[in-house]
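J.: The structure follows.
Please treat every number below as a calculation from the coordinates, not as lab data. Only a predicted model underlies this, so the values are computations on that prediction, with no experimental measurement involved. When we count neighbours, we look across all protein chains shown, and the Cβ atoms used for this are built from the backbone with ideal geometry, even at glycine.
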Amino acid sequence: ETFTDDGWLKTGDVGEWVDGTHLKIIDRIKHIIITSGGKNISPSEIENSLKASPFVKEAMVIGDGRKYISALIGIEFDTVGNWALRREITYTTYRDLSEKPEVLELIQGIVNKTNEKFSRVEGIKKFRMIPKELDHEDGELTATQKIKRSAMVDMFSDLVEDMY
């Protein structure tokens, strides 16, 4: 069924009225995280805040049914690579670069700045680095380059469980 009984179109989105004049789309219903404490959290707002950094290419917030919010974060390889070279930090691969202590410190700073924008319960308590560049061919991204959440949780279940 496409429409509700009172005529609203079912889009699968969650929104809120702004100033009683227009609707702001918050997230997809299926992406909303409900923590073990019952708090509803929109992951896309947090993810977009992380991805506003030139050093972060991908971010996936996790926390459905969990006590706190965590994230899987993928670096923007060229940008972080140039940043590392300017600091004489040598690396060989994407994974090697993303695991460097200096890079982890850089990403922690971005997480800290993001956390300042959200309530305590929406703050990222732990994160892990995605060990590879995500690819549509490997099933991690849709054709439009959006993260496939369930595939990511399955593929990187060891990283997810390590945060909890």
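J.: How would 42, 119, 49 line up from fewest to most surrounding beta-carbon atoms within 10 angstrom?
T.: Fewest-to-most ranking of 42, 119, 49: 119, 42, 49.
J.: Here is a follow-up. Extending each Cα 7 Å along its Cβ direction at residue 87 and residue 108, get the distance between those two points in nm, one decimal.
T.: Computed distance between label sites residue 87 and residue 108 equals 1.2 nm.
J.: With each run of n ≥ 4 DSSP H residues scored as -39500 (n - 2.57), what mean residue ellipticity at 222 nm is computed for the chain after dividing by its residue count and rounding to the nearest 500 deg cm²/dmol?
T.: Theoretical 222 nm ellipticity from helices: -9500 deg cm²/dmol.
J.: Now for a different question. Given the C-alpha atoms of segment 33-163, compute the convex hull and give its volume per residue in Å³.
T.: Per residue, the Cα convex hull of segment 33-163 comes to 104 Å³.
J.: Can I ask one more? Over segment 33-163, how many pairs of lysines fall under 19 Å by alpha carbon, counting only those 8 or more apart in sequence or from different chains?
T.: 27
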